[in-house]
Each structure stands twice: as structure tokens, then as C-alpha cells.
Amino acid sequence: MLKNLLISGDDKRILAFVKFLISIDYPIHLHILNTDLSGSINNLISTVLCDQFNVSISDKSDYSNVDGFIYLYDFPENIKDDNIEFLKEKISNFRLSVNDIIEKGFTGTIILNGFRDDLLNYFTSKFTGKSSNYLIGTGTLPSTLVLKNILKRYFNVGSSDITISTFGNNINNFISWSRSYIGQTPILSYLSDKNNLFKDDVLDDINYRLDVKSISEDEILQFKSIKDILDSLYLDLPHIMDLSNLKLSNGKLSSLSSPVIVNNKGLYQYIKVSLSDNEESTLNSIVDKSDIVINEIINGSKK
């Protein structure tokens with residue numbers, strides 16, 4: 001039986017995502033909350049090519065049978081700033097949307113994709129009270145997908161042979177090289193061995209391709225990340241992925257991207273990664289900066 005999913009957010013991104021799902025005939029029923037997209041959706045003749053994917057504009061008053069809610073919002077032009085005002089608007093709009101569907105019976109998983117989805121994940125937990133198992137942001141997954149494919153081609157191995165992760169958030173993150181492997185061998189061992197054919201120019205290529213702006217603007221990369229999450233949740237294809245998730249440490253709640261398991265029961269933080277001292281320090285610095293932004297958003301909303 002096909003799953004029912006709601007979607008809301010930026011009109012252009014939603015329409016592009018619908019076209020992406022049409023192109024692969026993805027097996028879900030997608031219900032769009034943005035009623036102004038009715039004409040655009042009705043004009044998509046390509047939907048007749050789909051045997052499984054179905055899309056409609058939602059006009060229901062009961063969402064108790066809906067399995068998930070995707071909030072697809074945009075990235076600001078200058079994504080290297082904190083963009084406090086931008087985030088306030090997105091959080092406010094999202095809160096209205098999610099409160100409305102919860103009032104109509106929605107109890108499913110929430111999936112976030114957009115600028116600093118880790119922060120929206122944090123605030124969602126505060127104003128919905130939902131378990132962290134049902135709150136998922138795409139986080140650094142787009143960067144990790146690019147990273148794995150660069151290394152796969154560089155070392156001429158399969159994707160399953162590469163173990164590597166990016167930590168932080170979709171704007172400020174780092175690669176955990178100390179815990180990155182090809183099979184059982186650390187990747188850095190391959191790169192440092194002067195007797196092999198590998199050159200450290202792969203690191204330059206990675207830095208070039210993992211440009212924050214390029215990653216955020218590549219919709220196929222963003223949508224592929226959402227699809228991987230949907231596969232795990234609804235198609236019985238569990239994955240270990242780098243996603244925005246909530247952690248409670250010493251009574252303090254934080255949200256950042258790290259490796260987690262996603263399966264048909266939700267998101268689970270069973271993956272324990274021992275970072276190097278430098279990586280741990282970098283991660284703590286990212287969390288501290290996020291705390292500053294969270295406080296600015298909270299204090300600003302009280303004025």
C-alpha cells in the first residue's frame with residue numbers, strides 16, 4: 001500500500017520536486033498544501049506516465065492517515081551569514097503549517113530540507129513535542145553523497161567500500177578523516193603512502209566540489225537526499241546517513257548532522273563515532289555557534 005505524504009514550503013522547490021518524483025515514478029501519494037500550485041500541477045501532462053506516483057492539492061480536514069510531512073524551503077542568497085531574519089520567517093511559516101496539520105490529526109514523521117534545517121529541527125521539537133525519532137533534516141547528507149562518489153571513483157571501489165561522514169550542519173561542517181575508511185584501511189593511510197598511485201590532489205578536488213553554495217543550489221542533489229530518506233522510511237531500505245538529528249547531552253538539547261540509522265520505524269542514534277581531539281573541538285565549536293543563533297532567534301521573537 002502506497003504511503004501518503006504531505007508537502008509544503010517554497011512553491012518553486014515543491015514544483016521541481018514533483019517533477020523529480022514524476023521522472024522516477026516514485027511510489028507515494030503526495031498531497032500538496034500550497035493551494036496556489038493547483039494550476040501548475042494540473043498542467044503537468046507527464047503525470048500520465050506514472051503507474052505509482054500520484055500528486056494532488058490537499059483539501060482534507062483529517063490527516064490522521066498521513067505518514068509523513070516534507071517541509072521544503074529555500075536557501076538565502078548569502079548562505080554564509082547567520083541570516084537570523086531569514087530563519088525567523090521560515091520557522092514562523094513552518095510552525096503555522098505543522099501546527100495546522102497536527103490539529104487535523106497528523107502524527108507522522110517530519111522531514112526538513114533547506115537552509116540550516118538543523119535549527120528548524122531544533123525548534124520543531126520545542127513547539128510540537130514530537131520524539132526525535134520522527135524529526136529528520138537532510139543536514140550534511142548532500143555533501144556526503146558527493147564525497148563518497150568522488151572517493152569511489154578516485155580509488156575505483158564500490159560505494160559500500162567507502163566509510164566516511166560529514167558532521168555539523170549544511171553550512172558549517174567538516175569531514176571526519178580520522179574515521180574514514182576504504183574497507184578496513186584508513187583513507188589517510190592510502191593518501192600518505194608514497195609508494196601507491198594515489199595523490200593528495202583528491203583533497204583539493206573534494207574541497208572544490210563541496211562548495212556550500214554549489215551544494216545548496218543543486219536541486220537534484222537535495223532531492224536525491226530526500227529520496228534516500230523516503231526509501232529508508234517507507235520502502236524498507238534502511239540506510240546509515242549523515243542527517244540533522246537531536247541530541248540531549250548534560251540536559252542540553254542540540255541539533256546537528258551526524259551518522260544515524262533510518263528505517264521504517266524512524267531515526268535512531270545507534271551510530272557511535274569516536275572523533276579525534278581536533279574534530280571533537282571543531283564539532284563543539286559548531287554547536288556553540290548554533291546556540292548563539294538559537295538564542296538570537298528566541299530573544300528576537302520576544303521583542
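The values are calculated or read from the model by the stated rules, or taken from the named source; none is laboratory data. Worth saying up front: this structure is predicted, and the values here are computed from it rather than measured. Heads up, the Cβs are rebuilt from the backbone with ideal geometry, glycines too, and the neighbour counts pull from every protein chain shown. In case anyone asks, the SASA skips ligands and DNA or RNA and just uses the protein heavy atoms, side chains included. Shrake-Rupley method; radii C 1.70, N 1.55, O 1.52, S 1.80 Å.
In terms of Cα to Cα distance under 12 Å, which aspartates and glutamates are near enough to K152, apart from those fewer than 8 places away along the same chain?
D161
For the range 171-284, count the residues as N, evaluate 2.2 N^0.38 Å, and divide the Cα radius of gyration by that value, please. Numbers along the way, then the final one.
Details: Rg = 16.5 Å, N = 114, 2.2 N^0.38 = 13.3 Å.
The reported ratio for this selection is 1.24.
Which residues does the label zone of K247 cover in the range 92-118, counting backbone N under 16 Å from a point 7 Å along Cα→Cβ?
Hits in the range 92-118 for K247 at 16 Å: 118.
Starting from the Cα of T107, step 7 Å along the direction of its Cβ; do the same at S180; then give the gap between the two resulting points in nm.
Using points 7 Å along Cα→Cβ, the separation is 4.3 nm.
Can you give the charge dipole size of the range 149-280 about its Cα centre, rounded to the nearest 20 debye, using +1 on the beta carbon of Lys and Arg and -1 on the beta carbon of Asp and Glu? The partial results should precede the final answer.
Values: 13 positive and 17 negative charges, 72 e Å.
Value, rounded to 20: 340 debye.
Checking the table K130/K265; K80/K227; K148/K289 against a 22 Å threshold on Cα-Cα, which pairs fail?
Numbers: K130/K265 14 Å; K80/K227 26 Å; K148/K289 27 Å.
Where the Cα-Cα span goes over 22 Å, the pairs concerned are K80/K227; K148/K289.
Pulled fully out, how much extra length does the chain show between N99 and I240, if you take 0.36 nm times their separation in residues and subtract their Cα-Cα distance? Intermediate results must be reported in sequence, preceding the final value.
Values: separation 141, 0.36 × 141 = 50.76 nm, distance 2.97 nm.
Result: 47.8 nm gained on full extension.
Sequence gap at least 6, Cα distance under 8 Å: using those rules, report the relative contact order of the range 231-303 to the nearest whole percent.
Working: 76 pairs, mean separation 17.5, N = 73.
Reported relative contact order: 24 percent.
Pairing the Cα long axis of helix 11-24 with the longest principal axis of the chain, what angle in degrees results, from 0 to 90 and rounded to the nearest 10?
Computed tilt is about 70 degrees.
Find the Cα radius of gyration of the chain, compare it with 2.2 N^0.38 Å by division, and give the number to two decimals. Please list the in-between numbers first.
Values: Rg = 19.7 Å, N = 303, 2.2 N^0.38 = 19.3 Å.
Compactness ratio reported: 1.02.
Return a whole-number percent for the relative contact order of the range 1-42, with Cα pairs under 8 Å and 6 or more residues apart as the contact set. Numbers along the way, then the final one.
Numbers: 33 pairs, mean separation 23.9, N = 42.
57 percent.
Can you pull the accessible area of H239 for me, 1.4 Å probe, Å² to the nearest 10?
Result for H239: roughly 70 Å² accessible.
When only C-alpha pairs under 8 Å and at least 6 residues apart count, what is the relative contact order of the chain, in percent?
For the chain, the relative contact order is 16 percent.
Excluding same-chain residues fewer than 8 positions from K272, which aspartates and glutamates have a Cα within less than 16 Å of its Cα?
List returned: D242, E280.
Taking K and R as +1 and D and E as -1, what net charge do the other residues with C-beta under 9 Å from the C-beta of F20 add up to?
With Lys, Arg at +1 and Asp, Glu at -1, the neighbours total +2.
Using the Cα centre of the chain as the reference point, and only Cβ charges (+1 on K/R, -1 on D/E), how large is the resulting charge dipole? Debye, rounded to the nearest 20. Mind showing how you got there, number by number?
Details: 30 positive and 38 negative charges, 111 e Å.
The calculated dipole for the chain is roughly 540 debye.
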